[in-house]
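Asks: Below is the structure I would like to discuss, written out as structure tokens.
The values are calculated or read from the model by the stated rules, or taken from the named source; none is laboratory data. Keep in mind it's a predicted model, so treat the numbers as computed, not measured. Note that each Cβ is placed from the backbone with ideal geometry, even for glycine, and that neighbours are counted across all protein chains shown.
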Amino acid sequence: MKKISGTNSDGRIPGNIALGMQRREKVRLGLMGVALILIVIAFFAARIQESNHRENEFASVPKTQEFTSDRVARPEIDVAALESLVADEREQDRVLLERPALDALLPIAKNLLPAHFEAMGARELKGELTAEILNDPSLVRGQAFTARGWVDTLRKRNPGVGKPKEYHGRILLEDESAVYFVAADLGESKLTEGSFVRFDGIFLKAFADESQEIAGEWIPGPLLVGPKMLHSWSDLGQVASLPEGSLSQVVDDDLETGIHGIPFEEKWLMLAHARDLESENVDWDAAPVLDTETVNAIMRDGPAYRGKPFRLETSVIMDSRVIAAPENPARLEQITDAWISNWTWTGKATFIRVFFPGGRPEFKGADKATRRTGDKVSGRGFFLKNFAYEPAQGGMSTAPVFIFTQMDKFIAPDSRKTVSSFLKLVVGLVVFLVGFLVIVTIRDKRKSRNFERRLIERRQKQRSRAQPSS
């Protein structure tokens, strides 16, 4: 009897042929499984690398500075008592300073802090407001005000035996209007005539004193009573562009040759510029991106990049805080101070420090205790200098300082949700592979049975043709 090719003597398919039919599918499934395992390994390896990188960032981040804010109660001023002790409705009344009124207010005013004046809503004295006060002083008696200008006159007075000395004088504001003051102290810097000062005080009365230049001319102005004068600077006004050579005196910090800190005047000039700059005045598309090569070049040769514009692509805030600005010529009340890192920065480049004009409380830094990653931001600004700082792990390091004109927050997906989504994807792929394997196995068995049936039918037909007819 003739044997059918590809079958055993009993007509069944040999095992090696049946296995060969499934080999391609099994190889494909095996490769898919290996790929899935490699993806899982790569994902968790990246997570471990991210965690290690974050540990290094926490160690290199600047040592935390604690900032405290004064919380004070609003002082109580007996306005009715002051009204009864002063007279300033008529011009002739304004040349006298009533001692009982001053004795009632000065013991309170001399103990006031800047936070008290902030709580009282102190307004800055300028020409229009000064004129309004002189027109009707009783409306603002006992209210808080701030005066900035040049000390025109200054006299030290002794009010009597056993009483502390007082300082009386006149300040000429930047608009040339006058404000009088009585201060309990000159302040730490021992300011003199001609000094530019800030004086916070409580309005006592409308006052007038004789001009030093023109005899018989009396100069009117509000009289404030306060604790002391503070050194100040004239208003920079609008700074649409940086004056030529304005950064020529800035010196980079060097751990070997000297540490100079951040220059006060240049810092506030650049912050005012960042506040007032029209974005179309700078070709930001042509500005270099702060990648690892650029940041390291800045750290090697700061003067070559001083005042130049740069762009920051998505990076991580390691520390950010809104700071109440000290007295400054930009007249900014708040600034944002942030330390920013980027995974791609290598070599000496670890962080950059960024100052931004105004408060940006929405930016949050990393938190080592809770393992929270800092917000991701992009931005653009100008390079100021290389700055020396003390990392949390100790020692000294340096970082470039920038004054940013723009900071944008990047809303990244929650990392916990990312891990959860990835694990769900892996489970889904495993279910798919198992299901696919079951389907392929069932299909191959069905194909095997069908193939075996067709071979048997073929064999039977060949046998029937082989039988001789009767």
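Asks: Can you tell which of 239, 225 is modelled with pLDDT of 95 or more and either out of contact with any strand residue (DSSP E or B) (no Cβ under 9 Å at 6 or more places or on another chain) or within 30 Å of residue 303 (Cα to Cα) (or both)?
Replies: 239
Asks: Out of the residues in segment 138-152 that are without any contact (Cβ under 8 Å) to a residue 60 or more places away in the chain and closer than 24 Å to residue 100 by Cβ, state the one that is surrounded by the fewest Cβ atoms within 10 Å (Cβ to Cβ).
Replies: Checking each candidate, the answer is 139.
Asks: Across segment 207-223, which residue is farthest from residue 96 (Cα to Cα) among those that are among the small types (Gly, Ala, Ser) and in a strand (DSSP E or B)?
Replies: Filtering first and then ranking leaves 221.
Asks: Go through (1) assigned by TED's automatic domain parsing to the domain that holds residue 323; (2) aromatic (Phe, Trp, Tyr); (3) in contact with a strand residue (DSSP E or B) (Cβ under 9 Å, 6 or more places away or on another chain) and name the single condition residue 218 misses.
Replies: (1)
Asks: If residue 118 satisfies all but one of (1) in contact (Cβ under 8 Å) with a residue 24 or more places away in the chain; (2) surrounded by 13 or more Cβ atoms within 10 Å (Cβ to Cβ); (3) under 19 Å from residue 227 (Cα atoms), what's the number of the condition it fails?
Replies: The single condition residue 118 does not satisfy is (1).
For (1) touching a helix residue (DSSP H, G or I) at 6+ places or on another chain (Cβ under 9 Å); (2) of a type outside the set (Val, Ile, Thr); (3) more than 19 Å from residue 169 (Cα to Cα), each residue gets a yes or a no:
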residue	(1), (2), (3)
74	yes, yes, yes
77	yes, no, yes
81	yes, yes, yes
98	yes, yes, no
105	yes, yes, no
111	no, yes, yes
114	no, yes, yes
118	no, yes, yes
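Asks: Which condition from (1) under 30 Å from residue 149 (Cα atoms); (2) assigned to a loop (DSSP other than H, G, I, E, B) is the one that residue 335 breaks?
Replies: Evaluating residue 335 over (1) under 30 Å from residue 149 (Cα atoms); (2) assigned to a loop (DSSP other than H, G, I, E, B) leaves (2) as the failure.
Asks: Moving on. Just checking, does segment 295-314 include any residue being of a type in the set (Gly, Ala, Ser), touching a residue at least 24 places away in the same chain (Cβ under 8 Å) and outside any strand (DSSP E or B)?
Replies: yes
Asks: Could you go through segment 149-168 and let me know if any residue there is outside any loop (DSSP other than H, G, I, E, B), modelled with pLDDT of 95 or more and basic (Lys, Arg).
Replies: No - not one qualifying residue is present in segment 149-168.
Asks: Please list, ordered by first then second residue, the pairs with beta carbon atoms under 7 Å, 6 or more apart or interchain, first in segment 395-406 and assigned by TED's automatic domain parsing to the domain that holds residue 256, second charged (D, E, K, R).
Replies: Close Cβ pairs (under 7 Å, with a partner that is charged (D, E, K, R)) amount to 396/390; 398/253; 399/353; 401/353; 401/385; 404/380; 405/380; 406/380.
Asks: Could you say whether any residue in segment 306-317 is within 20 Å of the chain's Cα centre (by Cα), of a type in the set (Ser, Thr, Tyr) and either buried (at least 16 other Cβ atoms within 10 Å of the Cβ) or modelled with pLDDT of 95 or more (or both)?
Replies: Yes.
Asks: In segment 236-251, is there at least one residue being crowded, with 19+ Cβ neighbours inside 10 Å and not in a loop (DSSP other than H, G, I, E, B)?
Replies: Taking every residue of segment 236-251 in turn, none turns out to be crowded, with 19+ Cβ neighbours inside 10 Å and not in a loop (DSSP other than H, G, I, E, B).
Asks: How many residues, within segment 269-294, are part of a helix (DSSP H, G or I), without any contact (Cβ under 8 Å) to a residue 24 or more places away in the chain and closer than 30 Å to residue 238 by Cβ?
Replies: Here the count works out to 3.
Asks: Could you tell me which numbered condition residue 346 fails, if it satisfies all but one of (1) under 30 Å from residue 119 (Cα atoms); (2) more than 18 Å from the chain's Cα centre (by Cα)?
Replies: Just one mismatch for residue 346, condition (1).
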